[in-house]
């Protein structure tokens, strides 16, 4: 697939900005005699004319890569949102638990975090989630003029399917009742 990247996108990229700044520094510190200087002084130890060409080649190579674009072209799908972003977060969390020694096939206590603008909305979601098998850890207002917090738990093995199904159940009940789902956590050791 061919991508078109505008000049503005290229120049907005932080890496491109850094390379351009390094080129300017190298040119400002260039010695017309061609004497080499330490790498710490400039972009490279090459004299000025030679150091500009690799830098320009780098800028052009980066501009041609999809990494250089700060905003995706209209033909590309938008960044992950909603369920796709939540599923990616689930996968990252499960991988982090695995790296920290968790045996994901054993039951873990999973906590789900939510908040609501009112007690009535929180109570409606709470009732629905209790019926779905979740246990309420905390259901209270976070503070005066603060949202209502509902923290739930469920004990289960941390398979991808279990995590997805539970997250979708909590997220759906919370959204339906006007709240916000803030994610889940589990300890590496059950």
Between residue 168 and residue 132, the two model label points (7 Å from Cα along the beta-carbon direction) sit apart by a distance in nm of 1.1
Expected unfolding gain across residue 88-residue 123 under the 0.36 nm per residue rule, minus the alpha-carbon gap, is 9.7 nm
Rounded to whole angstroms and listed largest first, the alpha-carbon spread of region 76-190 along its three principal axes comes to 41, 39, 25
Exposure proxy check on 134, 116: fewest-to-most Cβ neighbours within 10 Å is 134, 116
The distance between the Cα centres of region 154-168 and region 116-153, in whole Å, is 20
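The numbers here are math on the coordinates, done by the rules we state, and not lab data. Keep in mind that this is a model prediction, so the values were computed, not measured. Neighbour counts are summed over all protein chains in view; Cβ atoms, including those assigned to glycine, are modelled from backbone coordinates with ideal geometry.
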